[in-house]
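Colleague: Before I ask anything, let me first share the structure, which is written out below as structure tokens.
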Amino acid sequence: MEKSNEDFKTGIEVKPLGWSCSFKGAAVIEERGPLVLRCELPISGSVEHWGQEYRFTDPVVVDATVSGDALGLDVDIVFKARMEVDCARCLEATSCEVSESFQLFLKPIPENKGDRVEDGNAEDDENLVLVPSIEGEIDISGQVWEYLVVSLPEKILCCEGCLGLCPLCGRNRNRGECSCSTSEPDPRFAVLAELIENGNDEAPGKGGNRNGNSKK
Ligand SMILES: [Zn+2]
Ligand SMILES: [Zn+2]
């Protein structure tokens, strides 16, 4: 999958083209004080995830604070993304905002000549990022993208009590009753129809005792 054409859709595997949110480690180390930076990372088009489309309406805004020394840098990151998603019930475009914060620990790649060294707990830390040079240019936009993807909401509703679509005519029920809703089948019949449908392949005589009287 080495396609390089700039699709309208952005895949979730790799950060969007042109994303960069970087700073020089040396600036933090020399200043001995925290460095504050803000990046606006643009996304064009939509991202597909959880079987739906997330249409980004604004750049993702990242605020980061970097502190530390030559042994390691701590980065506190807050990001905010605005997007539009179809309501899971009525399919109406619904805007939503995702805001998350996370931390990264940057450390220089240890110089182990030759064999692998088991460095205990350092490898378990999922926030640890090993960088080739702690003083050089460090880009955190790839990590922002990873955190953004995992924080995309699985389901969005336009409102809490969204009525969804009429199964018969497809009309959005939030906008009023359609003509079929008045002649809708009696709900008791609907339940009956469901029972018939589901009951066909169920084994008969299976004691469905809800109180669970299970005397041995
Ligand atoms: Zn809805
Ligand atoms: Zn209808």
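We did not get these values from a lab; they are worked out from the coordinates using the rules stated. Model, not experiment: these values are computed from the prediction. As a convention, Cβ positions derive from the backbone with ideal geometry for all residues, glycine included, and neighbour counts pool all protein chains shown.
Colleague: Suppose we filter the range 138-176 for residues that are closer than 16 Å to Gln103 by Cα and in contact with a helix residue (DSSP H, G or I) (Cβ under 6 Å, 6 or more places away or on another chain); how many remain?
Modeller: Selection size over the range 138-176: 1.
Colleague: Can you find, within the range 147-177, the residue that is farthest from Phe56 (Cα to Cα) among those that are outside any loop (DSSP other than H, G, I, E, B) and in contact (Cβ under 8 Å) with a residue 40 or more places away in the chain?
Modeller: Here the answer is Arg173.
Colleague: Also, quick follow-up: Look through the range 84-110, keep the residues that are under 23 Å from Lys155 (Cα atoms) and free of Cβ contacts under 8 Å to residues at least 40 places away in the same chain, and return whichever of them is nearest to ligand 2 (Cβ to nearest atom).
Modeller: Across the range 84-110, the extreme among qualifying residues is Ala93.
Colleague: Are there any pairs, at least 6 apart or on different chains, whose C-beta atoms fall under 6 Å, with the first in the range 19-46 and within 20 Å of Met83 (Cα to Cα) and touching a residue at least 60 places away in the same chain (Cβ under 8 Å) and the second of a type in the set (A, V, I, L, M) and surrounded by 12 or more Cβ atoms within 10 Å (Cβ to Cβ), and if so, which?
Modeller: Here the result reads Trp19/Leu41; Cys39/Val62; Leu41/Val60, each pair linking the range 19-46 to a residue that is of a type in the set (A, V, I, L, M) and surrounded by 12 or more Cβ atoms within 10 Å (Cβ to Cβ).
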